[in-house]
């Protein structure tokens with residue numbers, strides 16, 4: 001045993017030293033960082049992934065309950081005027097609480113969309129009480145989480161755990177408690193999106209998509225039938241992507257579309273024109289020769305559908321000045337990557353989740369399989385240049 005450990009340590013040391021810059025003033029720090037990254041690359045994240053699936057599934061039940069009986073009093077506006085429901089806050093509080101309970105002795109860092117600022121205002125007291133009730137009802141009905149009822153302050157504290165800035169060091173959970181709030185309010189697609197960063201890399205991701213049909217939506221059929229919807233996608237670095245029903249069926253491995261012919265490809269884009277330029281996407285599709293009409297759905301459910309081959313391309317081109325947040329893409333990114341896909345910005349650069357709460361991008365995000373990506377990027381650049389020259 002000792003010989004095996006010695007050999008492993010020797011190989012680790014050799015690998016670390018090969019990547020060092022001996023002239024750097026932070027030589028020792030480089031050794032420590034590279035050793036952590038080397039060890040992390042060989043780690044299994046099975047325990048964290050199981051906890052993430054549990055947390056997202058429990059949160060999905062809360063969201064389903066709210067969506068089924070959505071009351072006007074359950075919807076308010078945040079300071080930035082975007083719609084938010086008690087489900088957004090309740091989902092974040094639940095996931096934050098469950099993850100902390102699953103790993104009580106580990107440092108906890110959460111990069112998430114919501115904070116309790118608006119909820120602490122006097123006019124939000126009724127909303128806060130409703131959130132607390134929903135969280136406690138969901139925890140009690142789950143039956144696997146041993147805890148006393150949470151107080152309103154407990155809920156606020158759990159929500160505010162999401163203020164982390166993330167970054168390139170350590171582990172950080174990344175959460176969008178309801179991605180696609182407008183879709184949620186319409187009764188359409190939304191996702192609970194949870195990922196884990198380790199040393200700036202996305203190492204696992206979970207997408208709970210309560211309204212996504214278990215069957216393919218390749219033919220634009222997003223009809224919601226209660227006994228045939230509710231998908232849970234999960235992925236771990238180096239271990240593939242799996243899909244199961246939210247009610248607990250056995251996971252099955254999924255793969256992105258293998259098509260090499262753009263004419264056979266279909267593409268996803270945001271439902272809301274305000275979220276992505278539909279005109280630019282149409283131009284790109286024409287250049288590629290895509291014949292199928294776009295499939296427009298809300299949220300990172302698009303990443304999930306793409307990971308199982310429902311479509312071959314996802315295009316997202318926000319309007320100028322918009323900055324992408326890491327929680328809008330981290331979980332979806334690894335779900336597609338581990339299913340054999342690739343995501344990049346419009347210039348072909350890999351997505352970098354190590355810079356904090358935002359992604360630094362060139363123009364937009366394109367996702368497809370590896371065979372289609374070169375032709376897709378060519379069409380993207382041509383369309384972007386044509387648009388720029390026409391302004």
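Hey, does the stretch 158-169 have a residue that's assigned by TED's automatic domain parsing to the domain that holds residue 52, free of Cβ contacts under 8 Å to residues at least 40 places away in the same chain and assigned to a helix (DSSP H, G or I)? No: the stretch 158-169 contains no residue that is assigned by TED's automatic domain parsing to the domain that holds residue 52, free of Cβ contacts under 8 Å to residues at least 40 places away in the same chain and assigned to a helix (DSSP H, G or I). Name every residue in the stretch 302-333 that is closer than 26 Å to residue 263 by Cα and out of contact with any helix residue (DSSP H, G or I) (no Cβ under 8 Å at 6 or more places or on another chain), in order of residue number. Scanning the stretch 302-333 gives 305, 308, 309, 310, 316, 318.
Looking across the stretch 172-202, the residues that are surrounded by fewer than 24 Cβ atoms within 10 Å (Cβ to Cβ) and either over 10 Å from residue 301 (Cβ atoms) or assigned by TED's automatic domain parsing to the domain that holds residue 298 (or both) come down to 181, 182, 185, 186, 187, 198, 199, 200, 201. One residue stands out among those in the stretch 254-268 that are in a loop (DSSP other than H, G, I, E, B) and exposed (fewer than 15 other Cβ atoms within 10 Å of the Cβ): the one that is nearest to the chain's Cα centre (by Cα), which is 258.
Considering (1) modelled with pLDDT of 95 or more; (2) surrounded by fewer than 18 Cβ atoms within 10 Å (Cβ to Cβ); (3) not in a loop (DSSP other than H, G, I, E, B), the lone condition that residue 382 does not fulfil carries the number (1). State all residues of the stretch 215-249 that are more than 21 Å from residue 95 (Cα to Cα), part of a loop (DSSP other than H, G, I, E, B) and at pLDDT 95 or above; if no residue qualifies, say none. Once the filter is applied, which keeps residues that are more than 21 Å from residue 95 (Cα to Cα), part of a loop (DSSP other than H, G, I, E, B) and at pLDDT 95 or above, the stretch 215-249 yields 237, 238, 239. Residues satisfying the criterion are present in the stretch 293-308 (criterion: modelled with pLDDT of 85 or more, part of a loop (DSSP other than H, G, I, E, B), out of contact with any strand residue (DSSP E or B) (no Cβ under 6 Å at 6 or more places or on another chain) and not assigned by TED's automatic domain parsing to the domain that holds residue 204). Going residue by residue through the stretch 134-143, is there one that turns out to be touching a strand residue (DSSP E or B) at 6+ places or on another chain (Cβ under 9 Å), surrounded by fewer than 19 Cβ atoms within 10 Å (Cβ to Cβ) and within 30 Å of residue 305 (Cβ to Cβ)? No, that holds for no residue. Within the stretch 125-146, the set of residues being more than 20 Å from residue 192 (Cβ to Cβ) and in a loop (DSSP other than H, G, I, E, B) comprises 146 only.
The strands (runs of 3 or more DSSP E) found wholly in the stretch 63-124 and carrying at least 3 residues that are surrounded by 22 or more Cβ atoms within 10 Å (Cβ to Cβ) occupy 110-112.
Give the number of residues within the stretch 361-375 that are part of a strand (DSSP E or B) and touching a helix residue (DSSP H, G or I) at 6+ places or on another chain (Cβ under 8 Å).
The first filter runs over the stretch 361-375 and keeps only residues part of a strand (DSSP E or B), leaving 365-369.
Within this subset, residues satisfying the condition of being touching a helix residue (DSSP H, G or I) at 6+ places or on another chain (Cβ under 8 Å) are 366-368.
Qualifying residue count, the stretch 361-375: 3.
Of the residues 343, 339, the single one that is part of a loop (DSSP other than H, G, I, E, B), under 16 Å from the mean Cα position of the chain (by Cα), buried (at least 18 other Cβ atoms within 10 Å of the Cβ) and not assigned by TED's automatic domain parsing to the domain that holds residue 202 is 339. Counting only residues that are touching a residue at least 60 places away in the same chain (Cβ under 8 Å) and part of a loop (DSSP other than H, G, I, E, B), which one in the stretch 310-329 is surrounded by the fewest Cβ atoms within 10 Å (Cβ to Cβ)? Going through the qualifying residues, I end up with 310.
The values are calculated or read from the model by the stated rules, or taken from the named source; none is laboratory data. Nothing here was measured: the structure is a model prediction, and the numbers come from that model. In this analysis, Cβ positions are derived from the backbone assuming ideal geometry, glycine residues included, and neighbour counts consider all displayed protein chains.
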